[in-house]
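The values are calculated or read from the model by the stated rules, or taken from the named source; none is laboratory data. From a predicted model like this one, the values you see are computed outputs, not experimental measurements. Glycine also receives a Cβ, built like all others from the backbone with ideal geometry; neighbour counts cover every protein chain displayed.
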Amino acid sequence: MMPYIQVKNVSVNFPIYDNVHRSLKKTVLNLTTGGRIAEDIKHHKSVKALDNINFYLKEGSRLGLIGHNGSGKTTLLRVLSGIYAPTSGKLISQGRIASLLDVSMGLDPDATGFENIYLRGLLEGLKQKNIKNKIDDIAEFSELGDFLNFPVRTYSSGMMLRLAFAISTSIDAEILIMDEWLSVGDVSFNVKASERLNALVKKASILVIASHDEDLINKICNRVIRLEHGHLVSDEKIKKN
């Protein structure tokens, strides 16, 4: 069956449990989420990060999300990736999803590089046989050599990012979720990483990417949604010259 994503009346609220420092929290939450402070009938405070979002993506969809910081882009990406559950509404999807939102998330600092490859593969739902078949490619791509036998806590931030990127982009997926175009490591490695990202984007049946770079969105997407304070304010096709 063909992959698809259906977002139906999706809203996401973040509750504020402690109202003692409400004015400070309101300032911080507005800066970080861009949402609106709401209040239910029991006077519980919350931030509405997404408000009644609707759209449908099918095979061939290349959706770009744009909007100011705090417009709801990252929250929506996390809903699509299954990290956040909607407060109301429904997310219905079909197809394996690869999420490149925070590639370093989930690495165990006390485990070796090789052990982390297995751990991340298992978290992605892969069988041990599938993970074993990918190890050589991941190791070669990361260029970490013998460091893969050492705990990740001994790595520099750049080495950790290389490993995480190599693992995350090795997963075969029909739906690709990205927050900005990833930049990894030094110039030579970044060129290789960009080539792999391009290949992933071309291979994916559905792409969703959030970016401040509207030129990038116009280049790789065929549809663009603009968000403002958790609201979907426009949904347009991108015309190619």
(request) Kindly provide the set of residues from segment 181-209 that are outside any loop (DSSP other than H, G, I, E, B) and modelled with pLDDT of 95 or more, ordered by number. (result) I206, L207, V208, I209
(message) Here's a check for you: in segment 111-141, which residue that is more than 21 Å from S81 (Cβ to Cβ), at pLDDT below 95 and polar (S, T, N, Q) is surrounded by the fewest Cβ atoms within 10 Å (Cβ to Cβ)?
(response) Q128
(request) Could you tell me whether T74 is closer than 21 Å to A204 by Cβ, at pLDDT below 95, buried (at least 16 other Cβ atoms within 10 Å of the Cβ) and in the same structural domain as D215 (by TED's automatic domain parsing)? (result) yes
(message) Here is a check on your reading of the model: is D172 part of a helix (DSSP H, G or I) and either at pLDDT below 90 or over 23 Å from L77 (Cβ atoms) (or both)?
(response) no
(request) Among residues belonging to segment 21-66 that are at pLDDT 95 or above and part of a loop (DSSP other than H, G, I, E, B), point out the one that is surrounded by the fewest Cβ atoms within 10 Å (Cβ to Cβ). (result) G60
(request) Could you please let me know if I220 is at pLDDT 95 or above and either small (G, A, S) or under 23 Å from R78 (Cβ atoms) (or both)? (result) no
(message) If I filter segment 92-110 down to residues being touching a Pro at 6+ places or on another chain (Cβ under 7 Å) and closer than 30 Å to K58 by Cβ, which single residue comes out as surrounded by the most Cβ atoms within 10 Å (Cβ to Cβ)?
(response) G95
